[in-house]
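What follows is one structure encoded as structure tokens, with my remarks underneath.
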Amino acid sequence: MRVIRNPQKLSKILAVTRHKRRSIGFVPTMGALHLGHLSLIKKANKENNIVVVSIFVNPKQFGPKEDFKKYPRQLKKDLAFCRASAVDFVFLPSDKMMYPEGYSTFVNVEGLSAVLCGASRPGHFRGVATIVAKLLNIICPDALYLGQKDAQQAIILKKMVKDLNFPTDVKVIPTVRQKNGLALSSRNAYLDKKQASDAVVLSKALSMARSLFESGARDSARIISRMRKLINKKQQAKVDYISIVDLERLEKVKKINRDCLVALAVRFGNTRLIDNTVINYA
Ligand code: PAF
């Protein structure tokens, strides 16, 4: 495994890889790697000759009052994790390399970036789209691997890849959960014991939505209200949003009459967790 910090150097090495017709799978991360990332790396390894993982805590996707400074950083552990997961290259750029002084170019996927998490985190998806566009330009992968846990991010990045003609397939890999249902996330590290056990309610609320749908419920407001009631039973839980939206435009769906995304964001203390499930209508 090679650790490369310089974007130009990585591009040059990977140009040779491509010339040899070896396919490149790319997993972008902000580090604090867990089994969710492992499932992306495994899939990338299965489907490609070479796997590149980037580790970069992207300052442009955090709001001024968000957790950029305290975001978990554990480079040594992450590098050992990548080595053990048969990663070929870790791209580890500095803030200055990605955003040199005077940096002024941004990618904004309109519409999709303004709703759900975008409504409570203005500028977040502009930061995500910008860094991923830059990484795609540096790495030129055949396939980009993203987690379904960040469903809105995946939908936005798919749209960006299509709109900007990146020659890359976007693969979305199922959410990895603890046995109790809690979706794996680097931010789970912020939770204390009580919050971590209470946060299981999120996956329970999503399962409830699926069960209600399976037993005939189609009215989104009703389903959301039942989910909200369940979540509100946990004293520390503060719902940011619970929404049922369509999978292309992320527009609210009143009556479920097609495939939908049930998405939620809930705070436990200072920690904001997200999770989702897809309801297949057919
Ligand atoms: O999902 C993440 O970890 C980040 O948003 C990403 C895609 C690595 C961009 O910084």
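Tabulated results
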item: Top-ranked residue in region 1-53 [being closer than 21 Å to residue 188 by Cα and among the small types (Gly, Ala, Ser); ranked as surrounded by the fewest Cβ atoms within 10 Å (Cβ to Cβ)]; result: 39
item: So residue 62, is it within 15 Å of the ligand (Cβ to nearest atom), touching a His at 6+ places or on another chain (Cβ under 9 Å) and over 23 Å from residue 240 (Cα atoms); result: no
item: Single match in 212, 202 (criterion: open to solvent by less than 70 Å² (accessible area, probe 1.4 Å), on the phi < 0 side of the Ramachandran plot, assigned to a helix (DSSP H, G or I) and in contact (Cβ under 8 Å) with a residue 40 or more places away in the chain); result: 202
item: Selection within region 219-250 - β-branched (Val, Ile, Thr) and either without any contact (Cβ under 8 Å) to a residue 60 or more places away in the chain or in contact with a helix residue (DSSP H, G or I) (Cβ under 8 Å, 6 or more places away or on another chain) (or both); result: 223, 224, 231, 239, 242, 244
item: Candidate set from region 43-59 (those that are touching a residue at least 40 places away in the same chain (Cβ under 8 Å) and more than 21 Å from residue 174 (Cβ to Cβ)); member that is farthest from the ligand (Cβ to nearest atom); result: 52
item: Tally of residues being open to solvent by less than 100 Å² (accessible area, probe 1.4 Å) and free of Cβ contacts under 8 Å to residues at least 24 places away in the same chain across region 60-76; result: 1
item: Region 157-184 residues that are in a strand (DSSP E or B), paired with ones that are among the hydroxyl-bearing types (Ser, Thr, Tyr) (beta carbon under 7 Å, 6 or more apart); result: 171/145; 173/39; 173/145; 177/203; 183/175; 183/203
item: One residue from 164, 157 being open to solvent by less than 20 Å² (accessible area, probe 1.4 Å) and either under 17 Å from residue 30 (Cβ atoms) or not hydroxyl-bearing (Ser, Thr, Tyr) (or both); result: 157
item: Of the criteria (1) within 14 Å of the ligand (Cβ to nearest atom); (2) in a helix (DSSP H, G or I); (3) open to solvent by 20 Å² or more (accessible area, probe 1.4 Å), which one residue 83 fails; result: (1)
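Residues checked against (1) away from the ligand (no atom under 13 Å from the Cβ); (2) of a type outside the set (Asp, Glu):
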| residue | (1), (2) |
| --- | --- |
| 106 | yes, yes |
| 110 | yes, no |
| 116 | yes, yes |
| 122 | yes, yes |
| 140 | yes, yes |
| 146 | no, yes |
| 158 | no, yes |
| 161 | no, yes |
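The values are calculated or read from the model by the stated rules, or taken from the named source; none is laboratory data. Fair warning: this is a prediction, and the values are worked out from it, not measured in the lab. Please note: Cβ atoms are built from the backbone with ideal geometry, for glycine as well, and neighbour counts cover all protein chains shown. Keep in mind that these areas ignore ligands, DNA and RNA; they rest on the heavy atoms of the full protein, side chains included. Shrake-Rupley method; radii C 1.70, N 1.55, O 1.52, S 1.80 Å.
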